[in-house]
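A short write-up of the structure that comes next.
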Amino acid sequence: SPKSFQPNGASEEALRCEIEELKQKDLALDQEIAQLLSEGYSLEELDKHISLLHEYNEIKDAGQMLLGKLAVIRGVTTKQLYPEYDLELSD
């Protein structure tokens, strides 16, 4: 029967719940955007900020990867390399 076949084994009810959760997240994001706009931020500013955050995260990931490879080569932990490069553990 058509009801017995569901994508990825998901039930119709589970899909409805997921759709409702996504609608709630969408509404919350719209409200957050409205709040930021009311505080004087522009959509262009927000887009630029998000873009810069993505770029920062990509650069940070590349740095972490390089530190990891260097740690393997030297036979130490990544944590042990942080002082050598004046990095904080929270970096």
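The values are calculated or read from the model by the stated rules, or taken from the named source; none is laboratory data. None of these values were measured; they are calculated from a predicted model. Cβ coordinates were reconstructed from backbone atoms using ideal geometry, including for glycine residues, and neighbour counts include every protein chain displayed. Surface areas here come from the heavy atoms of the whole protein model, side chains and all, with no ligands, DNA or RNA. Shrake-Rupley method; radii C 1.70, N 1.55, O 1.52, S 1.80 Å.
Note on the range 39-91: residues that are touching a Lys or Arg at 6+ places or on another chain (Cβ under 9 Å) and of a type in the set (D, E, K, R) amount to 1. Filtering the range 23-58 to residues that are at positive phi and open to solvent by 90 Å² or more (accessible area, probe 1.4 Å) leaves nothing.
Being surrounded by 10 or more Cβ atoms within 10 Å (Cβ to Cβ), outside any helix (DSSP H, G or I) and modelled with pLDDT of 90 or more is a condition met by at least one residue of the range 59-77. Of the residues screened, ILE19 is not one that is within 30 Å of SER90 (Cβ to Cβ) and modelled with pLDDT of 90 or more.
Cβ-Cβ below 8 Å, separation at least six or inter-chain, first residue in the range 65-86 and on the phi < 0 side of the Ramachandran plot, second among the β-branched types (Val, Ile, Thr): which pairs? Listed pairs, sorted by first residue: LEU67/THR78; GLY68/THR78; ALA71/THR77; ALA71/THR78. Just a yes or no: is a residue in the range 66-79 under 23 Å from the mean Cα position of the chain (by Cα) and hydrophobic (A, V, I, L, M, F, W, C)? Looking for residues that are under 23 Å from the mean Cα position of the chain (by Cα) and hydrophobic (A, V, I, L, M, F, W, C), one finds at least one in the range 66-79, hence yes. I'd like to check something: does the range 32-45 contain any residue that is of a type in the set (Ser, Thr, Tyr), outside any helix (DSSP H, G or I) and out of contact with any helix residue (DSSP H, G or I) (no Cβ under 6 Å at 6 or more places or on another chain)? Checked against the condition, which is being of a type in the set (Ser, Thr, Tyr), outside any helix (DSSP H, G or I) and out of contact with any helix residue (DSSP H, G or I) (no Cβ under 6 Å at 6 or more places or on another chain), the range 32-45 yields at least one hit. Scoring ILE33 on the criteria (1) outside the structural domain of THR78 (by the TED database); (2) modelled with pLDDT of 90 or more leaves a single failure, condition (2).
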